[in-house]
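Everything below concerns the one structure shown next.
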Amino acid sequence: MRNWMSMAMGTVSNSTLFLSFASPIHKTIIPFSLTKTSPYLISRRTFSVSSLPSLSADSNFNFSHSGDGNGVAVSTRSSKVLLKGMTYPELEKWVQSHGYRPGQAMMLWKRMYGNDIWAHQIDELEGLNKDFKKMLSEKADFKALAVKDIHTASDGTRKILFTLDDGMVIETVIIPCDRGRTTVCVSSQVGCAMNCQFCYTGRMGLKRHLTAAEIVEQTVFARRLFTSEVGSITNVVFMGMGEPLQNIDNVIKAADIMVDEQGLHFSPRKVTVSTSGLVPQLKRFLHESNCALAVSLNATTDEVRNWIMPINRKYKLDLLLETLREELCLKHNYKVLFEYVMLEGINDSNEDAERLIKLVKGIPCKINLITFNPHSGSFFRPTKEERIIEFRNLLAEGGCRVFLRPSRGDDQMAACGQLGKPGTIQAPLLRVPEQFQMAVGSSM
């Protein structure tokens with residue numbers, strides 16, 4: 001939990017404050033502007049402790065459980081270590097510290113992540129030394145998550161609700177594909193501090209980071225529960241709840257575990273980490289990880305992006321894109337994926353297409369045009385299909401490599417931008433700039 005608050009503070013401009021309403025057990029972080037002249041602020045409230053909902057103090061949540069990616073995770077239920085929070089070198093060192101040989105560590109690793117076992121308990125560890133298994137039962141935990149519910153959408157998409165040790169809930173999505181590629185979309189935080197105006201998760205504010213174990217176990221559960229039903233799960237996208245690069249230590253560690261050749265063995269090119277544009281963390285990710293990067297762009301001017309993605313007030317488009325140009329020059333055969341959510345009347349004009357072509361010039365990239373998925377936390381409308389196709393054609397004529405990403409799982413709130421469950425205290429909707437008020441049907 002070290003540097004937890006400082007990391008949150010580092011993601012916004014000096015005109016934005018994160019208020020933390022905290023008990024010893026839970027923290028909710030809500031970002032909103034205190035700048036008197038801000039054109040984006042709808043209203044101002046004064047919060048008092050008495051006005052906040054009561055928070056239970058009967059949990060044994062251990063803040064060290066949230067981790068920073070640099071140590072061995074400890075279960076909140078006991079002093080046992082969480083095995084899925086360790087990289088293989090860490091597991092090998094831990095096994096040796098208890099008097100067992102490295103070969104036992106490799107056998108354990110393969111039973112947790114490989115050989116179609118995905119072990120969740122001691123009696124699934126066939127072939128391991130009896131004394132070694134006894135030590136594991138006394139010193140280690142296999143599970144960091146518990147399945148709360150599974151929802152199946154009409155298109156076959158599954159949304160899994162997981163309960164964490166502290167009672168919080170996260171959501172993971174399994175997206176089958178007819179072409180034999182099935183993707184698991186994992187969460188990296190409980191909630192999100194970025195407050196992107198089109199995203200339902202952003203309404204929650206940030207509760208806490210997920211540990212590496214909690215992230216990795218989402219993929220283990222996905223394979224364990226659905227491989228026999230939907231076939232091999234080949235791709236991982238960090239596009240669920242949260243801003244992955246705000247939790248960069250645990251995200252890089254989890255991604256390293258996922259791509260280990262003796263374990264889950266995902267290809268680094270098929271593990272994609274998405275970001276709203278945290279530039280320093282983005283640079284670190286490109287230096288330290290071989291996994292793929294996606295950048296949620298969604299606008300072609302700072303004016304629009306400042307509104308719909310407040311992180312842009314700290315890291316402007318020019319800085320973000322110039323950083324990508326510089327960094328990708330140093331990587332061989334590497335393309336960034338730009339994600340662009342199509343919002344009717346906001347970012348889907350011919351002029352937007354022309355600006356987008358210029359913005360990405362010189363950056364090895366692909367562009368995903370994403371249909372906006374409506375929800376109760378937003379006033380935007382999805383761009384009509386024929387307009388999306390026209391927009392795509394303009395980009396293609398300008399030399400861009402562009403794809404359309406259709407909605408999946410939207411009838412179960414499992415689609416892009418629909419995850420999470422905001423509570424009574426929510427991040428604020430920002431004031432709509434005057435020129436877009438008609439497009440969103442708003443008088444704000």
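Using a ≥ b ≥ c from the Cα gyration tensor of segment 316-444 (square roots of the eigenvalues), is it rounded, prolate or oblate, where a/c under 1.5 gives rounded and otherwise the larger of a/b and b/c decides, a/b for prolate? The shape class here is prolate.
Extending 7 Å from Cα along the Cβ direction at Glu397 and again at Asp260 yields two label points whose distance is 5.2 nm. For segment 356-367, 3J(HN,Hα) computed residue by residue from phi via the Karplus equation (6.51, -1.76, 1.60; θ = phi - 60°) reads 5, 4, 6, 4, 8, 4, x, 10, x, 7, 10, 10 Hz, glycine and proline entered as x. In whole Å, how far is the Cα centre of segment 310-383 from that of segment 250-296? If we compute the Cα centre of each part, the gap is 19 Å.
Cross-link partners of Lys421 among lysines, defined as those whose alpha carbon lies under 17 angstrom from its own and excluding same-chain residues fewer than eight positions apart: Lys27, Lys148, Lys159, Lys207. Modelled spin-label separation between Leu161 and His332, with each label point placed 7 Å from Cα along the Cα-to-Cβ direction: 4.8 nm. Dipole magnitude for segment 338-444: computed about the Cα centre from +1 point charges on Lys and Arg Cβ and -1 point charges on Asp and Glu Cβ, it is near 360 debye.
Restrict the search to segment 355-412; then list the trypsin sites (Lys or Arg not before Pro) that DSSP places in a loop and that have at most 16 other Cβ atoms within 10 Å of their Cβ. Counting only loop positions with at most 16 other Cβ atoms within 10 Å, the trypsin sites (Lys or Arg not before Pro) in segment 355-412 are Lys361, Lys384, Arg401. When a/c reaches 1.5 or more, the comparison of a/b and b/c decides; with that in mind, is segment 300-339 rounded, prolate or oblate per its Cα gyration tensor? Prolate, since a/c reaches 1.5 and a/b exceeds b/c. 3J(HN,Hα) along segment 340-351: 9, 7, 7, 10, 4, x, 10, 9, 10, 7, 4, 5 Hz, from the Karplus curve 6.51 cos²θ - 1.76 cosθ + 1.60 with θ = phi - 60°, whole Hz, x for Gly and Pro. Take the Cα pairs of segment 146-435, get the Kirkwood Rh, then feed it into Stokes-Einstein at 10 °C and 1.306 mPa s and tell me D in µm²/s. In µm²/s, the coefficient is 83.
Over segment 146-435, Cα pairs under 8 Å with separation of 6+ residues give a relative contact order of 20 percent.
As a calculated quantity, the FRET efficiency between Ser376 and Ser232 at R0 = 30 Å, using C-beta atoms, amounts to about 0.25. Full extension of the segment from Glu390 to Gln437, taken as 0.36 nm per residue of separation minus the current Cα-Cα distance, would add 14.5 nm. Here's how it looks for Leu293: its modeled amide H is under 5 Å from those of Val273, Leu337, which are all 5 or more places away or on a different chain.
When each of Leu297, Leu282 is scored by the number of other beta-carbon atoms lying within 10 Å, the sequence from fewest to most is Leu282, Leu297. For Lys358 and Asp302, the difference between the fully extended length at 0.36 nm per residue and the C-alpha to C-alpha distance is 18.7 nm. Between Lys110 and Cys177, the FRET efficiency from the beta-carbon distance, with R0 = 45 Å, is close to 0.95. Quick check: from the Cα gyration tensor, does segment 74-141 come out rounded (a/c under 1.5), prolate or oblate? Rounded. Gain on full extension, evaluated as 0.36 nm per residue between Arg101 and Glu351 minus their Cα-Cα distance, stands at 83.6 nm. For Met239, the residues whose modelled amide H falls within less than 5 Å of its own, excluding neighbours fewer than 5 places apart on the same chain, are Val186.
No lab work stands behind these numbers, since they all come straight from the coordinates. As the structure is a prediction and not an experimental result, all values here were calculated from the model. Ideal geometry is used to build each Cβ from the backbone, glycine not excepted, and the neighbour counts take in all protein chains shown.
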